[in-house]
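The values are calculated or read from the model by the stated rules, or taken from the named source; none is laboratory data. For clarity, every value in this text was computed on a predicted model and none was experimentally measured. Neighbour counts are summed over all protein chains in view; Cβ atoms, including those assigned to glycine, are modelled from backbone coordinates with ideal geometry. Protein only, heavy atoms only, side chains kept; ligands, DNA and RNA dropped before computing areas. Shrake-Rupley method; radii C 1.70, N 1.55, O 1.52, S 1.80 Å.
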Amino acid sequence: MTYGVSGGGDAPLVDYKRRMAGGGDLDARLRAAMFAHLSRVSAAHPDGVPSGVINSFVFDDVPMRLIVQPGIRKPAQLAAALTIRTTWTPPGAEAPYADEVGSDGSLRYKWRGTDPQHSDNRALREAMRDHTPLAYFVGIAKGVYHAIYPVYLVGEEPERHQFVVQVDPAQFVTGDLVSPDVRSYAERLTRLRLHQPVFRARVLRAYDSACAMCRLRHAELLDAAHILPDGHPRGEPVLPNGIALCKIHHAAYDSDILGIRPDLVIEVNTEVMHEQDGPMLRHGLQALHRSTIVVPHSIRERPDPVRLEERYDQFRRAA
């Protein structure tokens, strides 16, 4: 196991903000321009950015692709890799590369092949040595990605043909011997910056960026609601455990003001049904009673009836 420290260790931490101020460093200017581009296109495509939009990036008046077929992008003018990618795998299919979260809470990204001296692997190693920030593209659907940036390569595990990816520039050591507190912190960061944003993008795309209850289509007001909560043994951030809900109905669902039966019918808490208040109560909650949520066309993307039943039992006990 090769360990790396973000913000410490033998290699100095590269202060990209300071270097960019002078504007003379090609590598730093390119990465800053890429991150600005990704911020713009990600804001415009909250349910995942098509690869063609990501690859519309232009630097110094020259078009530059950020996503390439091999998955690791290193422009000829750079020494270190610029971007990495994990492709979308359809439900039930086997991923070509098993990128996963390690026991220390940090992501693992596989080498290209098994040759440590492959040019792509050398480019990743260069990024690790210089603490160079990269963009990481996670597949949401075929040809559609969620961009996570900046990420850092902070270690390498040659015996497993993989690098350790840190999704936050916080200063801690990665590896099998990290303390429980550090591991817990790393896991929270990974959930916050990787799993939950990817989960949200996948759920919004499956539900056509609309609330399953009221059909509101303002993506900035939509959440990916968990059927079984994060931390539950089956509360994984996967489509069968997710429903697209607007923020009001998400909060109502989490608070057991309303529930969803396994047959997709909405029930509103009896006490709430007997309340008298303004139009939001009448039209936003009470009118939903005994209506049916709208689900994706694909059966594999629909809510899991078993999870719905367990969550509905909780709603009934609360009511």
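Assorted remarks:
- Verdict on ARG316 being more than 19 Å from ALA206 (Cβ to Cβ) and either in contact (Cβ under 8 Å) with a residue 24 or more places away in the chain or of a type in the set (Val, Ile, Thr) (or both): yes
- Residue check, ALA206 more than 20 Å from the chain's Cα centre (by Cα) and open to solvent by less than 80 Å² (accessible area, probe 1.4 Å): no
- Subset of segment 250-295 that is in contact with a Pro (Cβ under 9 Å, 6 or more places away or on another chain) and surrounded by 12 or more Cβ atoms within 10 Å (Cβ to Cβ) - its residue that is farthest from ALA319 (Cα to Cα): VAL295
- Matching residues in segment 114-145 - criterion: being open to solvent by 40 Å² or more (accessible area, probe 1.4 Å), of a type outside the set (Val, Ile, Thr) and touching a residue at least 40 places away in the same chain (Cβ under 8 Å): PRO116, SER119, GLU126, ARG129, ASP130, LYS142
- Top-ranked residue of segment 32-63 - restricted to ones that are aliphatic (A, V, I, L, M) and over 12 Å from ALA135 (Cβ atoms), ranked as surrounded by the fewest Cβ atoms within 10 Å (Cβ to Cβ): VAL62
- Lone unmet requirement of (1) exposed (fewer than 13 other Cβ atoms within 10 Å of the Cβ); (2) closer than 23 Å to MET128 by Cα; (3) modelled with pLDDT under 90 for GLY7: (1)
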